[in-house]
Amino acid sequence: MPWSRLYTIVRILYLEPMRNASLIQRDLAVLWHPCTQMKDHEEMPPIPIRAGQGIWLEDFDGRRYMDAISSWWVNLFGHANPRINTAITSQLASLEHVILAGFTHQPVVELSERLMAIAPAGLGHCFYADSGSAAVEIALKMSFHYWRNCGHEQRTRFISLSNSYHGETLGALSVGDVALYRETYEPLLLRNITVPSPDCYLRDAGESCADYSRRMFEPMRQALEQHANQVCAVIVEPLVQCAGGMRMYNPVYLELLRQACNEHKVHLIADEIAVGFGRTGTMFACDQAGIRPDILCLGKGLTGGYLPLSVCLTTDEIYAAFYGDYTAQRAFLHSHSYTGNALACAAALATLDIFRDDDVLNYNQTLAEHMAHAAAPFAGHPHVGEVRQTGMIVAIEMAKNGKTKEPYPWQQRRGRLVYRHALERGVILRPLGNVIYFMPPYVISPEEIEHLASIALESITLATER
Ligand SMILES: *Cc1c(COP(=O)(O)O)cnc(C)c1O
């Protein structure tokens with residue numbers, strides 16, 4: 001290595017105090033960031049984060065940012081949470097990871113027992129993976145394979161909702177319907193049946209969300225009647241289509257869907273990767289409809305936002321269809337290297353402890369009321385088409401005309417303007433197109449909620465003013 005190069009490395013590593021600028025420069029030389037047009041970083045470089053504490057993040061120049069989106073919906077109890085930190089470090093002292101095929105460990109056994117105890121009754125087995133998308137792939141393969149093992153090889157299709165999002169891998173993308181992520185890859189995707197979403201933003205004036213959700217079940221009923229014998233499962237995001245713009249619907253839809261799936265003997269897959277763990281007000285969104293899916297996919301908040309872990313909980317009936325002599329070739333031979341990682345399971349157990357010990361779901365009702373109160377002023381804004389809320393999610397739909405809901409053309413990137421204005425004011429909002437949302441960690445205070453809302457209102461006003 002030439003001396004000049006060596007000197008540069010020494011200088012970067014040891015001689016200069018780390019500042020945003022130097023890390024940004026090094027970052028852009030070597031990284032390709034997720035879900036990003038990298039050219040956008042010419043005008044808005046990525047922000048190097050030095051540390052996190054509670055709902056706050058701090059960059060290398062000492063600026064603080066409120067993490068109002070829970071670091072992409074994963075963080076539940078703040079950054080550097082002392083209880084989760086302790087759980088991970090004490091697990092680290094005994095076992096970091098072990099292959100989960102042929103071996104097991106205490107955190108993964110205990111986590112499975114405890115997930116089962118809080119999930120809708122009758123989900124008797126846990127299959128682990130390392131990301132939400134992987135959990136969705138597992139759910140799809142498992143459902144298909146179940147029917148195959150039961151002699152229904154003609155069942156090869158899935159029903160999903162328009163505007164749904166289930167992840168980025170090809171199988172998950174096949175059951176998703178957000179054009180921005182899907183369209184390019186269309187030729188590679190599975191043939192899926194898409195049914196119109198009960199998304200209540202689209203209801204008629206004067207119609208209740210419950211009535212609309214009930215009315216919008218009709219196309220689902222028809223799809224099931226028409227295709228049931230070729231369909232493995234219906235997959236939905238219960239109550240909130242998050243990546244699709246935090247679009248919400250009424251629990252009655254899930255009740256009707258459960259009944260219809262029973263009638264037509266089709267699996268119901270609930271993708272609660274984003275909405276699970278208290279986000280909608282109940283531990284799981286399915287709880288609000290009193291239903292049990294056949295497969296429940298969990299991820300994101302499962303580890304409190306610390307480590308990548310996901311899981312599919314399934315019924316004993318599905319599990320039993322794979323059980324038999326090896327030579328019968330019924331086994332589910334799916335795996336990921338880091339399946340059931342012990343550190344991640346320890347973080348998940350600590351997360352569940354916090355839910356139990358702090359009576360989080362109860363306390364969140366009060367927080368949700370504060371969020372409703374803070375969001376109320378947005379409803380009168382001329383460029384807001386709707387303010388909606390389900391539990392700990394508030395969404396504000398910007399529109400060119402708030403009354404008629406006529407949207408802004410996407411090319412204007414109004415959401416990005418909001419993002420920029422809020423960042424300059426120390427709040428991280430990451431709008432989905434024209435939809436601004438609050439999805440904070442559950443450790444946000446009422447005063448911080450007020451602050452968040454006032455920054456968001458100011459940012460929306462600036463972003464919609466010309
Ligand atoms: C984020 C998300 C996924 C994908 O999870 P990853 O961990 O990002 O792969 C799947 N389904 C829903 C509903 C999600 O919000």
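To the nearest 500 deg cm²/dmol, what mean residue ellipticity at 222 nm is calculated for the chain from DSSP H runs of n ≥ 4 alone, each contributing -39,500 (n - 2.57), summed and divided by the residues?
Dividing the helical sum by the residues of the chain leaves -11500 deg cm²/dmol.
³J(HN,Hα) across the range 453-458 via Karplus (A = 6.51, B = -1.76, C = 1.60, θ = phi - 60°), whole Hz, x for Gly/Pro?
Couplings: 5, 5, 5, 5, 5, 4 Hz.
Mind checking the dipole of the chain: about its Cα centre, +1 per Lys or Arg Cβ, -1 per Asp or Glu Cβ, Debye to the nearest 20?
900 debye
Taking each pair of distinct Cα atoms in the range 77-119 once, what is the resulting Kirkwood hydrodynamic radius in Å?
When all Cα pairs of the range 77-119 are included, the Kirkwood radius is 12.1 Å.
List, in the order given, every pair from 265/405; 141/300; 141/265 whose Cα-Cα distance in the structure shown is over 29 Å.
265/405
Taking other Cβ within 10 Å of each residue's Cβ, how do 400, 39 sort, fewest first?
Neighbour counts put them in this order, fewest first: 39, 400.
Name the long-range amide H neighbours of residue 233: under 5 Å, sequence gap of 5 or more, or other chain; modelled H, no Pro or chain starts.
159, 267
Please list, by residue number, every one of the trypsin sites (Lys or Arg not before Pro) in the range 132-206 that is coil in DSSP and has at most 16 other beta-carbon atoms within 10 Å.
Those that pass, being in a loop and sparsely packed, are 191.
Rank these for me by crowding, 35, 345, going from fewest to most other beta carbons within 10 Å.
35, 345
Compute the whole-percent fraction of alpha carbon pairs in the range 85-357 spaced more than 29 Å apart.
Counting pairs separated by more than 29 Å, the tail of P(r) holds 31 percent.
Count charges around residue 403 for me, please; just the other residues with Cβ under 14 Å from its Cβ, Lys/Arg as +1, Asp/Glu as -1.
Every neighbour counted, the sum reads -1.
Take every DSSP beta bridge with both residues inside the chain and express the antiparallel ones as a percent of the total, to the nearest 5.
The antiparallel fraction comes to roughly 65 percent.
Can you tell me, using C-alpha contacts under 8 Å and at least 6 residues apart, the relative contact order of the range 42-99 as a whole percent?
Relative contact order of the range 42-99: 25 percent.
Quick check: from the Cα gyration tensor, does the chain come out rounded (a/c under 1.5), prolate or oblate?
oblate
Quick one: what are the phi-derived ³J(HN,Hα) couplings along the range 104-120, Karplus 6.51/-1.76/1.60 with θ = phi - 60°, whole Hz, x for glycine and proline?
Here the 3J(HN,Hα) series is 8, 8, 5, x, 6, 5, 5, 4, 4, 4, 6, 5, 4, 5, 9, 6, x Hz.
For the range 292-304, take each phi angle, set θ = phi - 60°, evaluate the Karplus expression 6.51 cos²θ - 1.76 cosθ + 1.60, and give the result in whole Hz per residue in order, putting x for glycine and proline.
For the range 292-304, the Karplus curve yields 10, x, 7, 9, 10, 9, 10, x, 5, x, 3, 9, x Hz.
What ranking of 393, 273 emerges when the number of other C-beta atoms within 10 Å of each C-beta is taken as an exposure proxy, fewest first?
Listing 393, 273 from fewest to most nearby Cβ atoms yields 393, 273.
Using modelled amide H (1.01 Å from N, peptide plane; none on Pro or chain starts), what sits under 5 Å from the amide H of residue 394, excluding residues fewer than 5 places away?
Sorted by chain and number, the residues that satisfy this are 438.
Read-outs throughout are calculated quantities, based only on the coordinates presented, and are distinct from any laboratory measurement. Since the model is a prediction, treat every value here as computed from it, not as a measurement. Please note: Cβ atoms are built from the backbone with ideal geometry, for glycine as well, and neighbour counts cover all protein chains shown.
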